[in-house]
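Read-outs throughout are calculated quantities, based only on the coordinates presented, and are distinct from any laboratory measurement. Note that this is a predicted model, so its numbers are computed, not measured. Here the Cβ is made from the backbone with ideal geometry for all residues, glycine too, and neighbour counts use every protein chain on show.
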Amino acid sequence: MHFTFEKKKKPPACDACKARRVLCHPQPNGMPCPRCVEKGEICKTTYVPRGRPRKNGSACTSSDHDSAITGSGNGSSMSASASPPEDVVAYRSAAFDTNAGLILSSPLHPSSLLPSPDLSPELVKHLWEFFTHSMTYRHPFFHSLNFASTLGSASWRPELLPIEPRVLAYCICAAGAVSSVHPSILGPGICPTSLLDESVFYPGADLRAYGRRRAPIRKALFEKAVDWACAAKIHLHASELNAASCFVLACLDDLDEKPTTRPWATSYMSHIRCISMSLTVPPPIEPSRWGGFLMRETFIACLKRTPIIASYEDQILLCGKPPPSLDALMDTISLYHNSHPHQPKSYAILKVALPMFSNITAFARELQNKITGEVAHRTPLDEPFFITFLESLRELRAMTSVLFNDADFSSHDHSVAPGESALQNAQFQRDWAVRSCACAMHLAYVHLIMELYIELVGFRSVNQEEWTQRRVDVLRDQVRDLIVKALPDVEKMLKIYPWMAGGDYIFKSCVKRWAAFCVREMEGYPELLRQLRIQLRAITYVDDDPENCALLDQVEAGLQSAPQLTEIVGHPETTAAAAGTVFSELGISASLNSFLEMDIFQIPLHISAMQD
């Protein structure tokens with residue numbers, strides 16, 4: 001018996017080796033060749049078709065396409081928008097069907113049908129700058145990657161990068177398009193000059209037109225990023241770059257209100273577990289950053305009613321030892337107040353921020369496991385746990401009141417020395433850290449109590465016994481009392497949360513739920529409805545969602561009975577007296593610029609240094 005072994009074709013030489021007429025040693029998985037590494041050059045390969053073209057007009061073989069996917073960049077053979085060829089998309093689908101079984105939450109579109117702009121170097125740099133203003137950029141991965149220099153080394157042309165950074169670059173472009181003001185993203189029409197353009201961005205501005213113009217391009221860039229991510233199979237290979245790409249895609253996927261299995265979030269957490277022992281994030285920053293993002297991940301799972309993929313073990317692995325109880329934290333706060341009588345009470349949060357947010361994460365996890373999750377729905381309501389959980393929420397609200405009832409965030413206006421960044425000013429850092437923690441704690445409480453109320457409103461007893469329904473009615477009345485008492489907390493959250501932060505999914509969902517509740521059951525609070533309307537209008541800048549627009553119409557209809565409380569909508573000069581400009585609303589000099597560099601779900605970097 002004779003066996004015939006076909007010799008595998010060697011990949012083509014890179015452009016630099018071709019130009020020097022030297023032997024090239026192509027490396028697998030998109031790694032640069034040794035000569036390019038030695039000389040510090042970008043290793044890219046431009047495919048040159050040879051031989052007679054096929055009858056179908058394609059002169060590219062399957063092996064050449066594999067080289068384009070797994071090798072170095074393919075230069076001029078790829079359009080500036082860099083969409084994968086049709087057979088790459090087909091390969092992507094086959095790879096998911098046979099290797100991972102991962103179901104995409106977004107529909108697949110042929111690349112030729114997507115209205116995607118050309119990703120010129122100027123546009124890529126613009127999208128990167130807007131990406132750095134987003135919550136996603138605050139992730140620990142981006143703290144260590146220094147990805148701006150990677151893009152700069154390729155002259156801001158993603159197609160020149162190796163496969164893993166190339167995929168991340170396309171994901172970043174899609175994320176930057178969420179808030180971009182570039183004409184290529186917003187399309188024809190008037191475009192803001194920046195996010196500081198007060199003629200467009202002011203409290204109460206109706207931004208639905210911008211969300212409507214942005215939607216096609218934003219979704220098209222997301223689909224192209226998904227195409228490249230699937231073709232490169234980033235969900236199968238654990239690395240920091242692939243984990244960062246999965247995280248960015250998960251954040252973009254979460255903006256969609258449709259039910260989803262959250263495949264990219266699942267891959268992102270799987271990668272973290274694989275590489276957690278080799279992460280390059282500096283140890284002093286690691287626990288604080290991870291704590292905020294694990295809390296965010298748990299809240300998103302609760303809102304979408306999907307399994308929580310960040311487990312308690314993940315929290316211990318990334319954030320350290322288990323946190324003390326709320327009672328122990330309250331003792332720490334009291335001790336701090338007694339030992340620092342001349343400092344604001346709110347500064348005590350800097351001593352307990354990390355364990356506080358770990359406790360909040362545990363509350364959200366318990367809520368889904370015991371009350372709102374699918375497994376919990378198959379069993380009778382655990383009333384003892386419900387009462388215990390309700391008591392924990394009362395303790396959380398009491399602690400929030402002790403810390404922040406006397407805080408006046410509108411008075412935080414610190415002068416910054418010439419040439420000094422606001423984030424280099426120690427007092428500014430401290431006040432922003434306190435403000436961020438205050439907003440996160442208020443948001444966490446109002447989210448948890450509303451989640452509990454929604455669950456009880458739709459509760460259906462397993463055994464349908466009358467006494468069970470009566471007990472549920474009693475519990476629902478107790479929760480509704482807490483809901484009414486939480487209205488001042490919602491109002492304070494809206495005041496200290498910068499109004500242009502509508503792109504965050506958790507805040508967006510919280511605003512929509514409370515707006516629907518107030519329209520339906522709380523007609524006597526028009527001032528709160530007015531503030532909710534301001535935030536609903538800001539949310540529409542990201543996406544003109546029909547559900548959000550319908551809710552906004554209901555809120556505006558509810559405010560017709562109280563016109564004296566509605567702000568004058570028009571040019572920002574006419575609204576300054578009632579609502580103030582963006583800057584006076586935040587109460588901090590150049591505060592919008594500063595907020596774009598901070599995030600409430602990231603415990604600020606300087607908390608550890610402030611714990612004196």
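Measure out, as a whole number of angstrom, how far apart the alpha-carbon centroids of segment 143-178 and segment 189-253 sit.
Spelled out, the Cα-based centre of one part sits 14 Å from the other.
Rounded to the nearest 0.05, what FRET efficiency do residue 118 and residue 9 give with R0 = 45 Å and r taken as the Cβ-Cβ distance? Could you check? Please list the in-between numbers first.
Working: r = 32 Å, r/R0 = 0.72.
Approximately 0.90, to the nearest 0.05.
How large is ³J(HN,Hα), in whole Hz, for each residue of segment 338-344 in order, when computed from phi with the Karplus curve 6.51 cos²θ - 1.76 cosθ + 1.60 and θ = phi - 60°, using x for Gly and Pro?
After applying 6.51 cos²θ - 1.76 cosθ + 1.60, I find 6, 8, 10, x, 8, 9, x Hz.
Tell me, what is the FRET efficiency for residue 313 and residue 21 to the nearest 0.05, using R0 = 51 angstrom and their Cβ-Cβ distance as r? Walk me through the numbers on the way to the answer.
Values: r = 55 Å, r/R0 = 1.09.
Once the sixth-power term is evaluated, E becomes 0.40.
Express in whole angstrom the spacing between the alpha-carbon centres of segment 508-542 and segment 325-352.
When both Cα centres are located, 33 Å separates them.
Given a Förster distance of 60 Å, report the FRET efficiency between residue 155 and residue 206 from their Cβ-Cβ distance, rounded to the nearest 0.05.
Numbers: r = 39 Å, r/R0 = 0.66.
The formula returns an efficiency of 0.95 here.
Determine the equivalent ellipsoid of segment 111-233 by diagonalising the alpha-carbon gyration tensor, then write out the semi-axes as square roots of 5 times the eigenvalues, largest first, rounded to whole Å. If you can, show how the numbers build up before the last one.
Numbers: eigenvalues 127, 60, 32 Å².
For segment 111-233, the semi-axes come out at 25, 17, 13 Å.
Figure the gain on full extension for residue 478 and residue 521 (residue separation times 0.36 nm, minus the Cα-Cα span) and round it to one decimal in nm. Show your work: numbers first, answer last.
Details: separation 43, 0.36 × 43 = 15.48 nm, distance 1.55 nm.
Going from the current span to full extension adds 13.9 nm.
What is the spin-label model distance, in nm, from residue 276 to residue 197 if the labels are put 7 Å beyond Cα along the C-beta direction?
Once both label points are built, they end up 4.5 nm from each other.
Could you list which residues have their amide H under 5 Å from that of residue 44, counting only those 5 or more apart in sequence or on another chain, with H placed in the peptide plane?
Those qualifying (amide H under 5 Å, at least 5 residues apart or on another chain) are 15, 16.
Relative contact order, percent, of segment 111-233 when contacts are C-alpha pairs under 8 Å separated by at least 6 residues? Don't skip to the answer; put the middle values down first.
On the way: 107 pairs, mean separation 41.3, N = 123.
Relative contact order here is 34 percent.
Given the pairs 345/492; 219/508; 219/258; 258/485; 304/508; 219/495, which are separated by over 22 angstrom at their Cα positions? Don't skip to the end; give the middle numbers.
Values: 345/492 17 Å; 219/508 18 Å; 219/258 14 Å; 258/485 32 Å; 304/508 13 Å; 219/495 31 Å.
Result: 258/485; 219/495 exceed 22 Å.
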